[in-house]
1. Could you give the dipole magnitude of the chain about its Cα centre, charging the beta-carbon of Lys and Arg +1 and that of Asp and Glu -1, in debye to the nearest 20?
2. Pick from V197, V140, V57: which residue has the top mean-square fluctuation in a GNM of the chain where Cα pairs under 10 Å get a spring?
3. Using the charge dipole of the chain (Lys, Arg: +1 at Cβ; Asp, Glu: -1 at Cβ; taken about the Cα centre), state which of L113, F61, V281 has its Cα farthest towards the positive end.
4. Given a 10 angstrom Cα cut-off, can you work out which residue in A108, A162, A312 is the most mobile in a GNM of the chain?
5. Compute the longest continuous run of the chain that contains no exposed trypsin sites (Lys or Arg not before Pro); treat a site as exposed when its DSSP state is not H, G, I, E or B and it has at most 16 other Cβ atoms within 10 Å.
6. Checking a compactness column here: for segment 131-229, what do you get for Rg(Cα) / (2.2 N^0.38 Å), N being the number of residues?
7. Once a ≥ b ≥ c are taken as the square roots of the eigenvalues of the Cα gyration tensor of segment 257-329, is the result rounded (a/c under 1.5), prolate (a/b larger than b/c) or oblate (a/b not larger than b/c)?
8. For the chain, what does -39500 (n - 2.57) per DSSP helix run (n ≥ 4), summed and divided by total residues, give at 222 nm, in deg cm²/dmol to the nearest 500?
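What follows is calculated from the coordinates using simple rules that are stated; it is not laboratory data. What you see is a predicted model; the values in this text were computed from it and never measured. We place every Cβ from the backbone using ideal geometry, glycine too, and count neighbours over all the protein chains shown.
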Amino acid sequence: MRLVFSLRSPLGTWALLALSVLCTGTALAQTMYPDKPLRFVVPYPPGGGTDVIARIVQERFGAALGQAIIIDNKGGAGGSVGSELVARAAPDGYTVLFTLSSHTINPAIYPKLSFDTIKDFEAIGTVASLPQILVANPQVPANTVAELVALAKAKPELLAYASVGNGSPGHLAGELFKLRTGTQMTHIPYRGGGPAVVDVISGQVPLLWVSIPAAAQFVKAGKLRALAVSTLKRSAAFPDVPTVQESGVPDFEVDSWYAMFVPARTPQPVIERLNRALNSVLADATIREKLLAQGAEGVGGTPQALARIVAAELPKWAKLAKDANIKAD
């Protein structure tokens, strides 16, 4: 039996009333968003580059939304542990993934990820972009990339490099460096930049590829020696540190970024609200100066622009992982 009713009938009137209440409630909920603190899930431990950048924007972002921002560090598996947490979170705008470009690298080296990098997330916007930096313990007898390459070829068993984990931009930079220079170095993955920096300073590992924020203060203090940056142009934070390519290594570029994502199916008005907040934060000269002090340049822009970056980088890193035989250890 099929139920048919007229909008002029009592049943039709009640249907319209129910629909009106539902729409009003939805609009009211979106207008009120956010009405409680937000959680930034940083998929790396405290002290690393991602954590540093997140904390720079944390307070100003909260002010833009009128709510507190709580940073929740969930390190592990090159950022995949925290990313999975966000992918499975309620799509209500209160759980935000604050990550780096390993987000597009991990699918190339972790073939059994429990989430889909494109389907399970909605882009909010790019926060900042910066190079990876190659640093060494001051006791390493190499002051330049050329000297490091010579040392690696003469005594390959002595050298190893740390990164913030498998699939991190530092991991790719290290493997690309080996590929382009014909050298051999052992990769030592850590659960974040903080622990990796500590071990390189103490001499447990001689070299480290890491984002500039995690190493900047230690380079300036002389506890780490900067050899090169991974981008095609020098970092404004360390203008005296050459790029890998200008140091004599051809076809070398690894650019890393920090960005924000929310779970798929998050309402569009919530995404737009978060994006507006992000762009307002990055328009603040003080925030941009703090980012630059860490070697990062504020980016901003639309969710669509970030989504295009993700779509373009997935096949790029998949090819590099295959060419350099990069796999999760």
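1. The dipole of the chain has a size of about 460 debye.
2. Result: V140 has the largest fluctuation of those listed.
3. Farthest along the dipole direction, towards plus: L113.
4. A312
5. It works out to 120-222.
6. So segment 131-229 has a normalised radius of gyration of 0.94.
7. oblate
8. Details: 11 runs with 143 residues, N = 329.
Here the helix-only value at 222 nm equals -14000 deg cm²/dmol.
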